[in-house]
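The values are calculated or read from the model by the stated rules, or taken from the named source; none is laboratory data. Remember, it's a predicted structure, so these values are computed and weren't measured experimentally. For neighbour counting, all protein chains shown are included, and Cβ atoms are generated from backbone atoms with ideal geometry for every residue, glycine included. Calculation scope for accessible area: heavy atoms of the full protein, side chains included, ligands and nucleic acids excluded. Shrake-Rupley method; radii C 1.70, N 1.55, O 1.52, S 1.80 Å.
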Amino acid sequence: MIDQTALATEIKRLIKAAGPMPVWRYMELCLGHPEHGYYVTRDPLGREGDFTTSPEISQMFGELLGLWSASVWKAADEPETLRLIEIGPGRGTMMADALRALRVLPVLYQSLSIHLVEINPVLRQKQQTLLAGIRNIHWHDSFDDVPEGPAVILANEYFDVLPIHQAIKRETGWHERVIEIGASGELVFGVAADPIRGFEALLPPLVRLAPPGAVFEWRPDTEILKIASRVRDQGGAALIIDYGHLRSDVGDTFQAIASHSYADPLQHPGRADLTAHVDFDALGRAAESVGARAHGPVTQGTFLKRLGIETRALSLMAKATPQVSEDIAGALQRLTGEGRGAMGSMFKVIGVSDPKIETLVALSDDTDREAERRQGTHG
């Protein structure tokens, strides 16, 4: 077992040497440190892990994403070879379910070149075991390593773990939030002494009106720009599913999750999952800024219902025992419903495509997108 204080010791050493550490750097070390990082040392999924993702809740999720991928193949004029790419594929469950659904289209299935982008050696081994026997499948450490060609790119609960910057509004301007060492030697939050120059001009209008004390979070556009540029230049589409908000706004969503419960993000670095909500408005703007087309965002519940998850659930329940039918109904509620424990409204979905693809199945048009934004709340 990894020494739970090892990464904390290293972070304190870095702070003593270089001064307070920005939140993004702290998050980067906690999740990706080569020896002690959360995402390079363990399988975080399932009942014995720290959280459960949609593909682990029900086979319906992956199956429907497989059929959605088929609709993109059709919209892209049925390329001879289609790269089916998943970034952050967990245990491989979603890909396995998607491929099972795609077997009903032999021409498409035979055209697939499958690529999984995974840095976690524990999860990569589980993916290789689950997907053993699948033809033309490849693993990569980076999205940059995936060969060129028309693609469907799937990213479920990937963007929420990309490191965030946080800034706090003061009377003197916006100051970056940092991690420093407290009086008792513990890690604590602090605020950089000097404001960020020119920051106000870069902010969405709603955020500029925020009162003192407000927190604004943002991620660099690096990852979404890579995805958007790829589909713009080589054809196809990407689907991004995560929890977050429909419009850019203020709010502190930086959090830790351990054993399916919220935890202090500054306690036991490297031993808990660190996440923050995804700004889907920012993703759409970034994608469109390089000439790709954004579709949505919509809620996960809306997306899955448009894909026919309720019909699929009834079909599975018709062949199942009463107990299994009850489990299927519970999974359907969790994936599409609202309220405590449900993911239907908390999670959002956005598509990014080659600009020649005018619509993507189950994602809103521009009119729906603006309506969703107006109704959206942060978180």
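For this structure, a couple of remarks:
- Region 272-291: number of residues that are open to solvent by less than 10 Å² (accessible area, probe 1.4 Å) and over 16 Å from M27 (Cβ atoms): 4
- Index of the failed condition, D3 passing every other in (1) open to solvent by less than 30 Å² (accessible area, probe 1.4 Å); (2) over 30 Å from M343 (Cβ atoms); (3) at pLDDT below 95: (1)
- Whichever residue in region 347-379 is polar (S, T, N, Q) and surrounded by 20 or more Cβ atoms within 10 Å (Cβ to Cβ) and, among such residues, is modelled with the lowest pLDDT: S364
- Residue within region 126-133 that is in contact with a Phe, Trp or Tyr (Cβ under 9 Å, 6 or more places away or on another chain), under 30 Å from I57 (Cβ atoms), in contact (Cβ under 8 Å) with a residue 60 or more places away in the chain and of a type in the set (K, R) present: no
- Restricted to region 87-110, and to residues there that are assigned to a helix (DSSP H, G or I) and open to solvent by less than 10 Å² (accessible area, probe 1.4 Å), the residue that is farthest from L130 (Cα to Cα) is L108.
- Close pairs (8 angstrom Cβ cut-off, 6 or more residues apart or separate chains): touching a residue at least 12 places away in the same chain (Cβ under 8 Å) in region 310-338, open to solvent by 90 Å² or more (accessible area, probe 1.4 Å) and part of a helix (DSSP H, G or I) anywhere: T336/K305
- Test: residue in region 53-73 that is modelled with pLDDT under 95, outside any helix (DSSP H, G or I) and open to solvent by less than 30 Å² (accessible area, probe 1.4 Å): yes
- Residues satisfying the stated conditions in region 234-265, i.e. over 19 Å from M343 (Cβ atoms), surrounded by fewer than 19 Cβ atoms within 10 Å (Cβ to Cβ) and without any contact (Cβ under 8 Å) to a residue 60 or more places away in the chain: A263, D264
- Residues (surrounded by fewer than 10 Cβ atoms within 10 Å (Cβ to Cβ) and at pLDDT 95 or above) located in region 199-212: P211, P212
- Taken over region 133-173, residues that are surrounded by 13 or more Cβ atoms within 10 Å (Cβ to Cβ), within 25 Å of G37 (Cβ to Cβ) and not hydrophobic (A, V, I, L, M, F, W, C) amount to 9.
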